[in-house]
Every structure is written in C-alpha cells, then in structure tokens.
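Enquirer: Questions regarding the structure given below will be posed in turn.
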Amino acid sequence: MKKLLAVIMLLSCAVSLWSQEIAEPKKQPKKRNPDRPLRYVEFGLDMDAGLANNVFGFGDIFNAERTLTVDFKKLASSINDINADIAGKIDVFFNVNFGEEFGIGFHGGVDVLIYGDISEEILEFLADGNKGNIEGALAAGGSIFWDNGINMYTKFEKLKVRLSPSLFVPLVYMPKPTAKISIHTENPLSVNLELDARIYTPLSIVAENLMELSGNDTTASRQVNSNELSDAYGFDMSVDAEYELFPFLDVGGSISHIPLYPARLSHSIKTTYSYSSGDFNDILDDLIKNDFELPDSGEVKMERKDNESFKVYRPLRFNIFADYKPQSIQSNLLGLTVRPNLGLSFLTVYDTVCFNAGLEAQLRFMRLLYLKLGMAYHERIWRNYLNFALNLRVIELDLGVGIQSQNFLKSFQLNGLNAVAGFRMGF
C-alpha cells in the first residue's frame, strides 16, 4: 500500500503540471529543436554500478566507534524480508546521426546482477522466536550477460521510432535457487537445511574452474574456446517510439529484449547441500569453529554436466512515459522536461514480475549543461538520483549519483548507492 500511494503521488504531480497547458494553449514561434542529436558522429562509453540492501546503512557499517549490531525485532517491524542487490553495467557504442530523420550505430557491453534474499518467516523467527514449526527460505542468484547489436532510429513527422536488434550470451546464469529451512521449536530445537543450486554457462573454462575452486577438479583449462560462444548466442529486439501529441507533451513507450531466439547454455554445475542438527546450539558451534563456513557435518555434492541445452532469455521490460515541456520554460537557451513513467519487468533470474514507476525532471541550459533529478521504483529498488551532463560539442561528460534501497524510507538513509558515468567524443 505504501508503494502504491507513493506512485500515485508521483504521477499526480506530473498530471497537475500539464493540465493548465491544455486549458490555455499558447502559440509559440517555431524554434529549432533543442533535442536534436548533439553530434553527427560519436563514440562513447556508459557505466552504471550500484548496490542496495534494506538492513544496514553506510553509517552503520563504517562507524568505527561502535560494534555493528542488528535488532531483529525492530527490523521485522519495518520490512517484510531481507534483500541485497549488486548490479553493474558497461556499454561501448559508435553512432552516426543524419540529423533528426535517421541514425545508426553499434553497441556492445556487459551487464552483471547478483542478489540475495532471506524470507519473512526466518526474519520473524529471529525477531521473536515464533513457536511452532517454521518453514522459510534463503535465495540467491545472478547473471552476467554479454551483448552486441545495432542501434537505429528514424522519424516520420511527429513520430520517432528506435530499433535495436541484439545478439547476447549469458556468460554465467544462476536462476533463483532456494535453500529451504525447517525450524522445529519443540525441545530440543532443531534445524534442517536443504539447498539445490545450479549455475549455467556456455564456457567449459568457467565450469572447469568452478569445479577446481570447490576442490572437485584440478585440471581446469586456462583458455576460452570461441566456438562455444558462437553456439550459445541468443537474439532479441528492443523497440521504442515517441509521438508529439501537443507542442508541450510527448508520449511514448518501449519494449526491451523482445525474445526472438534463446541463448543455449551447454555446461552446468549442480550443487546440493543438506544439513540436519538435533540441537540448534550444534549449528552455532559448527559455524563458529569453521569461521562461519559450511560445517563439515553437512553434505555437499557438486555435479558437472556438459551436454545441457538450457534456454535463457534476457529480461523482458515494458515501459510507457510522457514528456511534459512547459512552454513558458522552453527556448533555445533554457528548457524543462518532466517525465513520469510506468512499466513492468519480467525477471527470470528473480523468478518474479516487477512493477516500475518514476518521476524525473531535466533542466537544460542551452545545449551546454543538463541537470536531471528523479525518483524511481525500478525492479524492486527505490532510487533517488541526481545526474549532470556537460556538453562541449566535441566532448561530453556525464556523471550521476543516487541513494537507494529495497525499502522506500531507507532509500533516503544511505542503505545503498548508485553511480553512473559516461563519456562521448565526436563532431
């Protein structure tokens, strides 16, 4: 309910801003479009990295004057479950722009995601020791995607369309595994843990080195077989469109990663782990003796397979938006754009569907300086951010920073950080 109210407030602010423009439209002299491409030919680099959790703030972690402690009872009253996410992306591109009518380019990059969750049932047990039998779960997963493709756009009067067909390979893919935990609170207190996790990859070198790290194989390869990558490629398409509905309002939408052909991963590592204790104190003793590693009394099995055909698609995303440009603050020297947006993300690595929403405002000073301030709920993370871009025509530098968390209130308390950087050069 809190998330829904926050989203409604964001969108109501945007609607109230442009409603007056409809009631009293103003005639404006025809101006050169300030949103036209900045360069005819350019190459560049974009980077994005962030981490977030809903438990600890950076002030808690880096405070040398006090010991880091967790009040589970207080924590359980403010969040439903425990979440942590780490994400990073790097993209290199080259574009050729023929004005507003047509442009084409090429891109390639790597996208990384790692996450971990602790279920509500376990958090409640840690908070107040619920009586009865507890059935909870731990989950973790992640992916590393490498992609390369073509970017192109064209404009038909008031309609601008962009297409981006791409080839992609999941270098490492770990779908959501679950560690099921059964806690029996009858005397004696006992805990049972069952884990089944699978890691998929197209590269035998990755599978071999994972087995070597686990002590199951000492003959790991040190060379990448390029033929394995060519056999693993998947293919998808991204498309977005934007239409000038009024002089002060553009509307648009996008669909990212429309699946056309799946990537196929031939190597897998299956890990199973089971542990059962007659007394909960035995678990604590084992963890302490083993420096909080998996206790020897548990049973770990790893199995490698090289004849898999595991199909993987990239996350499918839908998004709609509106760009409100108040005519009283719109000229070649100064411009303001307010953008609300709504969307959905189908994330197989999380095994969930995420609702997305956001509101951002961009202020432009000529075509030299751009400032962007926004708030968004995107793929289970609340983010508040400020971005800055300096365009010197031949060179452009983009920088941005954000604070974030899976919990709305804690997104203002430094429970996570996000940083973006970009560089462009051309003429």
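The values are calculated or read from the model by the stated rules, or taken from the named source; none is laboratory data. On a predicted model such as this, the values are computed, not experimentally measured, just so you know. Cβ: placed from backbone, ideal geometry, glycine included. Neighbour counts: every protein chain shown.
Enquirer: Just the residues that are crowded, with 16+ Cβ neighbours inside 10 Å and either within 26 Å of the chain's Cα centre (by Cα) or not in a strand (DSSP E or B) (or both), please, taken from the stretch 242-254.
Expert: GLU242, PHE248, GLY252, GLY253, SER254
Enquirer: Sticking with this one: Does the stretch 132-148 contain at least one residue that is touching a residue at least 24 places away in the same chain (Cβ under 8 Å) and in contact with a helix residue (DSSP H, G or I) (Cβ under 6 Å, 6 or more places away or on another chain)?
Expert: Scanning the stretch 132-148, I find at least one residue that is touching a residue at least 24 places away in the same chain (Cβ under 8 Å) and in contact with a helix residue (DSSP H, G or I) (Cβ under 6 Å, 6 or more places away or on another chain), so the answer is yes.
Enquirer: Of these, LEU68, LEU159, LEU163, which one is exposed (fewer than 13 other Cβ atoms within 10 Å of the Cβ), at pLDDT 95 or above and of a type outside the set (D, E, K, R)?
Expert: LEU159
Enquirer: Any residue in the stretch 359-385 that is at positive phi and touching a residue at least 40 places away in the same chain (Cβ under 8 Å) sitting within a Cβ distance under 7 Å of a residue that is crowded, with 19+ Cβ neighbours inside 10 Å and not in a strand (DSSP E or B)? List the pairs, counting only those 6 or more apart or interchain.
Expert: Cβ pairs passing all conditions: ARG380/GLN406.
Enquirer: If I filter the stretch 346-367 for residues that are closer than 19 Å to MET47 by Cα and assigned to a strand (DSSP E or B), do I get at least one hit?
Expert: no
Enquirer: Filter the stretch 380-403 down to residues that are at pLDDT below 95 and more than 28 Å from PHE94 (Cβ to Cβ), then give me how many there are.
Expert: 1
Enquirer: Out of the stretch 101-125, which residues are over 30 Å from SER164 (Cα atoms) and buried (at least 17 other Cβ atoms within 10 Å of the Cβ)?
Expert: Listed by number, the residues that qualify are ASP117, ILE118, SER119, ILE122, LEU123, GLU124, PHE125.
Enquirer: Test each condition in (1) modelled with pLDDT under 75; (2) of a type in the set (A, V, I, L, M, F, W, C); (3) at negative phi for PHE292 and report the one that comes out false.
Expert: Among (1) modelled with pLDDT under 75; (2) of a type in the set (A, V, I, L, M, F, W, C); (3) at negative phi, the lone unmet condition for PHE292 is (3).
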